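Q: Shown below is the structure under consideration.
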Amino acid sequence: NAMIEAASDWNSKFEKEQYSDIAIEYLKPSSVLSDKSLFIDTLVGFVNKHRNYNKNDILNMYICLSQNFITIFSGEPGTGKTSICNIIANSLGLNSLGDCEGISKNRYVPISVERGWSSKRDLIGYYNPLTKKYDRSNAKIYDGLMILNQEREKSQYPYIVLLDEANLSPMEYYWADFMRVADKSHANSYINIGLSDEIYIPNTLRFLATINNDQTTERLYPRLIDRSWI
């Protein structure tokens, strides 16, 4: 038991140092694009290379992303919901940052939701008391939360998580821990994912979700709809 505890403490310390090193890279001062019209035209032009949307629709997507904790794309299969989420992330440069010793530095994490998800265990993972380790369902979202926890209130670059086919399982179940954060997206918050300490959620974390409406999916309930841009 003593050996397992010591190994767990060493592993936790080593991981924390890795996350801290990555976070430091994103805390460096960034240059601000003073010409806002050029910035807008650049975003619109990037999206138009892939999708023929009008300017107002494109800007509306970015406004929803920046103003709310979760934005949901609803539509029939094949209408480009997932691809527009990928395009938005690529336009912001979030998907080409590489990795560091097995930890992804990208700030865009697409997750394919599966039927039967019922808690954060399915989305993130859980702490195993026998091995003294966190068993991750999705390593990238776990790593992302750890990096954001190190950046804390100084976080300045967006971090986007895509929940693809989000309503194959009830979002109110597996996304419940983040539901409370959506109530106050203007303020920094904490969530508990099963570790000894709560995880700090800065304002830079955003969720995108794609949903279908057919006999294979779950309906969205008012408590989620009221917190979402759809």
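Q: Treating the angle as unsigned and between 0 and 90°, give the value, to the nearest 10°, between the Cα long axis of helix 36-48 and the longest Cα principal axis of the chain.
A: Around 90 degrees separate the two axes.
Q: Is segment 74-176 best put as rounded, prolate or oblate by its Cα gyration tensor, with a ≥ b ≥ c the root eigenvalues, rounded for a/c under 1.5, and otherwise prolate when a/b is larger than b/c, oblate when not? List each step's numbers first, then the result.
A: Numbers: a/c = 2.03, a/b = 1.08, b/c = 1.88.
Because a/c hits 1.5 or more and a/b fails to exceed b/c, segment 74-176 counts as oblate.
Q: State the antiparallel share, in %, of DSSP beta bridges confined to segment 94-174, rounding to the nearest 5.
A: 55 percent
Q: Within a Cβ distance under 12 Å of Leu94, other residues only, what is the Lys/Arg minus Asp/Glu net charge? Walk me through the numbers on the way to the answer.
A: Values: positive: Lys105, Arg107, Arg206; negative: none.
Its environment carries a net charge of +3.
Q: Right, next: Among the GluC sites (Glu not before Pro) within segment 1-103, which fall in a DSSP loop and have no more than 11 other Cβ atoms within 10 Å of their own Cβ?
A: On the way: sites: Glu5, Glu15, Glu17, Glu25, Glu101; in loops: Glu101.
Answer by residue number: Glu101.
Q: Considering only protein heavy atoms and a probe of 1.4 Å, how much of the accessible area of segment 101-230 is carbon and sulfur, as a whole percent?
A: Numbers: 2850 of 6150 Å².
Ligands and nucleic acids excluded, carbon and sulfur reach 46 percent.
Q: Also, quick follow-up: For segment 140-150, what does the Karplus curve 6.51 cos²θ - 1.76 cosθ + 1.60, with θ = phi - 60°, yield as ³J(HN,Hα) per residue in whole Hz, taken in order and with x for Gly and Pro?
A: So the Karplus estimates, Gly and Pro as x, are 5, 6, 5, 4, x, 5, 5, 5, 4, 5, 6 Hz.
Q: Here's another thing I want to ask about it. Provide the per-residue ³J(HN,Hα) series for segment 116-132, in order, calculated from phi with Karplus coefficients 6.51, -1.76, 1.60 and θ = phi - 60°, each as a whole number of Hz, with x at glycine and proline positions.
A: Values per residue, Gly and Pro as x: x, 5, 9, 7, 5, 4, 6, 7, 10, x, 8, 7, 8, x, 7, 8, 6 Hz.
Q: Suppose every Lys and Arg Cβ carries +1 and every Asp and Glu Cβ carries -1, with no other charges. What dipole size does the chain come out with about its Cα centre, to the nearest 20 debye? Numbers along the way, then the final one.
A: Details: 25 positive and 28 negative charges, 76 e Å.
Roughly 360 debye, rounded to the nearest 20.
Q: How long are the three semi-axes of the equivalent ellipsoid for the chain, computed from the Cα gyration tensor as the root of 5 times each eigenvalue, in whole Å, largest first? Intermediate values should be presented prior to the final figure.
A: Details: eigenvalues 185, 109, 45 Å².
Result for the chain: semi-axes of 30, 23, 15 Å.
Q: On to the next question. Highest mean first, what order results for 49-62, 205-218 on Cβ atoms within 10 Å? Please list the in-between numbers first.
A: On the way: 49-62: 13.6, 205-218: 17.7.
Per-residue Cβ counts within 10 Å, averaged per peptide and sorted highest first, yield 205-218, 49-62.
Q: Within a Cβ distance under 15 Å of Lys81, other residues only, what is the Lys/Arg minus Asp/Glu net charge? Present the calculation step by step, with values, prior to reporting the outcome.
A: Numbers: positive: Arg51; negative: Asp57, Glu76, Asp164, Glu165, Asp214.
Result for the local shell: -4.
Q: Whole-Hz Karplus ³J(HN,Hα) for segment 16-24, in order, using 6.51 cos²θ - 1.76 cosθ + 1.60 and θ = phi - 60°, x for Gly and Pro?
A: 3J(HN,Hα) across segment 16-24, in whole Hz: 4, 5, 5, 5, 5, 4, 5, 4, 4.
Q: Something else now. May I ask for the distance between the Cα centers of segment 159-230 and segment 2-66, given as a whole number of Å?
A: So the two Cα centres are separated by 18 Å.
The values are calculated or read from the model by the stated rules, or taken from the named source; none is laboratory data. It should be emphasised that the depicted structure is a prediction, and the values quoted were computed from it without experimental measurement. Backbone-built Cβ (ideal geometry, glycine too); neighbour counts: all protein chains shown. Accessible surface areas use protein heavy atoms only, side chains included; no ligands, DNA or RNA. Shrake-Rupley method; radii C 1.70, N 1.55, O 1.52, S 1.80 Å.
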